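Read the structure below first, then the notes.
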Amino acid sequence: MSTTAGAASRLAGALAIVLGTKDIPLRLRAWDGSEAGPEGAPLVVFHSRRALRRILWSPGQLGLSRAYVAGDIEAPDDIFATVAALSSVGKFAEPGPFRRPTVRELWALAVAAVRLGALGPNPARPPEEARVARKGRRHSRGRDAAAISHHYDVGNSFYALVLGPSLVYSCAVWDSPDTGLNAAQEAKLDLVCRKLGLRPGLRVLDVGCGWGSFALHAAQRYGADVVGVTLSAEQAELARKRVAEAGLTDRVEIRIQDYRDVDDGPFDAISSIGMSEHVGREKLGHYVSRLHALLRPGGRLLNHAISWNAGPTDPDPDSFIPRYVFPDGEMLSLAEMIGALEGGGFEVLDVEALRQHYALTLRAWVQNLESHWDEAVRSSSLGRARVWRLYMAASALGFEAGITGVNQVLVQRPGGAEPPLRRTAWL
């Protein structure tokens, strides 16, 4: 390890305790200008002692996340390389909840903080940290609405910069890495329409409709009549504007409504794209039964959802994603999702894994964000832009490593017309 005299070497020792490793795979620059760590490793800059104080009060992923979001820590190099290095060692390399420091580790960390003059009160949390736990029981209607608002009501202009013109916030479908994000998102929307067997006159429910991209595609390209529901007021506002501009107000209705409150079925088809992650394991059975009841016999449901591939783990409410990105979100295994759908009376027609596609999508979103960084900060906040940069880069690496996946599960409510004999009908 190469060092220059100063705070950096002791800072490296403190960070090694937090990570649970002997040597850190990062180059650290401390507030006094000193540096420590391997030459050529991704650089992490600690601007002040407050960063270490955050880590001392919340040793692990949460403390580091707060320091980065607040601007006490900077990651000026390739964010993918930085996160990959951090995730390659010690406790950060272990899937699932972060392993808390032992008493001995906490003592050593406190000693390091004393020597660096970093002791002090716990700094205020960054304003971008979610506080939905104050909103009532987990997955109640009110708390779900607060969780959705935290994630999606951060400015439509911010999302437009990150997602691009398609305004689709879910995994695209790529023919090759050179396809381009907009074309890949259009291909995904079209694939969902074909899997659902859409045609003129069919009535479609889009659960978690986002900014209305799928609803618009289904109405414009396939002649469907679509009801889209979302809990985000900002999403609904822009989706309705897009529908009006497309001249489709007679074919597409956008509602601010919980899917549990939809009572005007039946529908011929239902799409749920990137929404069931918000439902939670406890409410999954109710989610399935509600959609089953809203669908006509013979109607199809397309459930597009991220899956957890790293084995059974307990959710960690004090990790970065639930605190800053998806409060109360839960990733279930593909087996759990299929079991719930079959247990709820659906017949599985097709399962398509899109893990590699989401990694490509996330890398494209990070590129969009970094290319429009100043504008993104002006449209939201510096902390919010930092949250999205870190979350999307870490998520891309998770998909590339196979820790997480994403799957489209196509099911049909028994009765009515038989499905096609071969999946080539929609592929």
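Are any of the residues in the range 343-356 more than 27 Å from LYS283 (Cβ to Cβ), in a helix (DSSP H, G or I) and of a type outside the set (A, V, I, L, M)? There is at least one residue in the range 343-356 that is more than 27 Å from LYS283 (Cβ to Cβ), in a helix (DSSP H, G or I) and of a type outside the set (A, V, I, L, M).
The single residue among ARG54, ARG27, ARG99 that is touching a Lys or Arg at 6+ places or on another chain (Cβ under 6 Å) and open to solvent by less than 40 Å² (accessible area, probe 1.4 Å) turns out to be ARG54.
Is there a residue being modelled with pLDDT under 90, buried (at least 20 other Cβ atoms within 10 Å of the Cβ), of a type outside the set (S, T, N, Q) and out of contact with any helix residue (DSSP H, G or I) (no Cβ under 6 Å at 6 or more places or on another chain) anywhere in the range 323-330? So far as the range 323-330 goes, yes, one or more of its residues are modelled with pLDDT under 90, buried (at least 20 other Cβ atoms within 10 Å of the Cβ), of a type outside the set (S, T, N, Q) and out of contact with any helix residue (DSSP H, G or I) (no Cβ under 6 Å at 6 or more places or on another chain).
The condition of being open to solvent by 40 Å² or more (accessible area, probe 1.4 Å), under 19 Å from TYR169 (Cα atoms) and free of Cβ contacts under 8 Å to residues at least 12 places away in the same chain does not hold for GLN356. Considering only residues in the range 287-313 that are over 13 Å from VAL207 (Cβ atoms), under 24 Å from the mean Cα position of the chain (by Cα) and of a type in the set (S, T, N, Q), the one that is modelled with the lowest pLDDT turns out to be THR313. Residue pairs whose Cβ atoms lie under 8 Å apart, sitting 6 or more positions apart in sequence or on different chains, and linking a residue in the range 376-405 that is surrounded by 21 or more Cβ atoms within 10 Å (Cβ to Cβ) and charged (D, E, K, R) to a partner that is part of a helix (DSSP H, G or I) and modelled with pLDDT under 95, do not occur here.
Tell me yes or no: at least one residue of the range 78-89 is part of a helix (DSSP H, G or I), within 29 Å of PRO327 (Cβ to Cβ) and touching a strand residue (DSSP E or B) at 6+ places or on another chain (Cβ under 8 Å). Yes - at least one qualifying residue is present in the range 78-89.
For (1) farther than 26 Å from ASN156 by Cβ; (2) at pLDDT below 95, each residue gets a yes or a no:
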| site | (1), (2) |
| --- | --- |
| GLY345 | yes, no |
| GLU352 | yes, no |
| ARG363 | no, no |
| VAL366 | no, no |
| LEU369 | no, no |
| GLU375 | no, no |
| SER381 | no, yes |
| ALA394 | no, yes |
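Can you name the condition, by its number, that GLU234 falls short on among (1) open to solvent by 10 Å² or more (accessible area, probe 1.4 Å); (2) charged (D, E, K, R); (3) over 21 Å from the mean Cα position of the chain (by Cα)? For GLU234, the failing item is (3). Answer with yes or no whether SER65 is more than 29 Å from TRP373 (Cβ to Cβ) and touching a Ser or Thr at 6+ places or on another chain (Cβ under 9 Å). Criteria not met by SER65.
Looking at the range 400-410, is at least one residue in a helix (DSSP H, G or I), in contact with a Lys or Arg (Cβ under 9 Å, 6 or more places away or on another chain) and at negative phi? Yes.
Among residues of the range 241-254 that are without any contact (Cβ under 8 Å) to a residue 12 or more places away in the chain, those with a Cβ under 9 angstrom from a residue that is open to solvent by 60 Å² or more (accessible area, probe 1.4 Å), sequence gap 6+ or separate chain, pair up as THR249/ARG240.
In the set (1) open to solvent by less than 20 Å² (accessible area, probe 1.4 Å); (2) farther than 24 Å from ALA218 by Cβ; (3) outside any loop (DSSP other than H, G, I, E, B); (4) not hydroxyl-bearing (Ser, Thr, Tyr), the condition left unmet by VAL288 is number (2). Checking each residue of the range 193-212 against the condition of being without any contact (Cβ under 8 Å) to a residue 60 or more places away in the chain, under 18 Å from GLN408 (Cβ atoms) and in contact with a Lys or Arg (Cβ under 7 Å, 6 or more places away or on another chain) gives at least one match. Just a yes or no: is a residue in the range 410-418 modelled with pLDDT under 95, open to solvent by 10 Å² or more (accessible area, probe 1.4 Å) and charged (D, E, K, R)? Within the range 410-418, one or more residues are modelled with pLDDT under 95, open to solvent by 10 Å² or more (accessible area, probe 1.4 Å) and charged (D, E, K, R). Remark: pairs (first residue in the range 298-319, closer than 17 Å to PRO414 by Cα; second residue open to solvent by 30 Å² or more (accessible area, probe 1.4 Å) and among the β-branched types (Val, Ile, Thr); Cβ separation under 9 Å; 6+ apart in sequence or on different chains) are absent.
The values are calculated or read from the model by the stated rules, or taken from the named source; none is laboratory data. Model, not experiment: these values are computed from the prediction. A quick note on method: Cβ atoms are made from the backbone with ideal geometry, for glycine too, and the neighbour counts reach across all protein chains shown. What goes into the accessible areas is simple: the full protein's heavy atoms, side chains included, and nothing from ligands, DNA or RNA. Shrake-Rupley method; radii C 1.70, N 1.55, O 1.52, S 1.80 Å.
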